[in-house]
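Engineer: First the structure, which I've put down as structure tokens, then a few questions once you've had a look.
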Amino acid sequence: MPKIETIKASDAPPPPKKMSESARAFVNGIEALKKDEVLKLEPDAGKSMRGLKTALGRIAKSHNLKVESWTDEDQQYLFVRKV
């Protein structure tokens, strides 16, 4: 029988954050960026640039990643770099 003990929630480690595959890819991409590199992202078919920017902003914030993003006026691309 396993040993069972009740402890305060504050004494337990935080549960792992659940992430989608695309969120994990974004976090890995940001963490791997070198100083002179940026990520170039294009929304999936049928998705909006605004939705992509919003999702990436949330992911970056939840993982304490400081990023700067901007769009190209002529193309539907989002560029992201570490700050």
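Engineer: GNM on the chain, C-alpha springs below 10 Å: top fluctuator among Asp11, Asp72, Asp44?
Structural biologist: Evaluated over the chain, the most mobile residue of the options is Asp11.
Engineer: What trypsin sites (Lys or Arg not before Pro) in segment 2-79 are in a loop by DSSP, with at most 12 other Cβ atoms within 10 Å of the Cβ? It would help to have the intermediate numbers written out before the result.
Structural biologist: Values: sites: Lys3, Lys8, Lys17, Lys18, Arg24, Lys34, Lys35, Lys40, Lys47, Arg50, Lys53, Arg58, Lys61, Lys66; in loops: Lys3, Lys8, Lys17, Lys18, Lys34, Lys35, Lys47, Lys66.
Of the trypsin sites (Lys or Arg not before Pro), the ones in loops of segment 2-79 whose Cβ has at most 12 other Cβ atoms within 10 Å are Lys3, Lys8, Lys17, Lys18, Lys34, Lys35, Lys47, Lys66.
Engineer: Measure nothing but the geometry: give the 0 to 90° angle between the long axis through the Cα atoms of 21-32 and the longest principal axis through the Cα atoms of the chain, rounded to 10°.
Structural biologist: Tilt of helix 21-32: around 80 degrees.
Engineer: What's the angle, to the nearest 10 degrees (0 to 90), between helix 49-62's Cα axis and the longest principal axis of the chain?
Structural biologist: 40
Engineer: Then there is this: Normalised radius of gyration for the chain, please: alpha carbon Rg relative to 2.2 N^0.38 Å, two decimal places. List each step's numbers first, then the result.
Structural biologist: Working: Rg = 17.7 Å, N = 83, 2.2 N^0.38 = 11.8 Å.
For the chain, the normalised Cα radius of gyration comes out at 1.50.
Engineer: Looking only at GluC sites (Glu not before Pro) in DSSP loops with at most 16 other Cβ atoms within 10 Å, what is the longest site-free stretch of the chain?
Structural biologist: Segment 38-72 is the longest.
Engineer: Give me Thr54, Thr71 sorted ascending by neighbouring Cβ count inside 10 Å, so fewest comes first.
Structural biologist: Numbers: Thr54 11, Thr71 15.
Lowest count first: Thr54, Thr71.
Engineer: Just report the Cα centroid separation between segment 1-26 and segment 27-83, whole Å.
Structural biologist: Segment 1-26 and segment 27-83 have Cα centres spaced 27 Å from each other.
Since every read-out is calculated from the coordinates, none of them should be taken as a lab result. From a predicted model like this one, the values you see are computed outputs, not experimental measurements. Please note: Cβ atoms are built from the backbone with ideal geometry, for glycine as well, and neighbour counts cover all protein chains shown.
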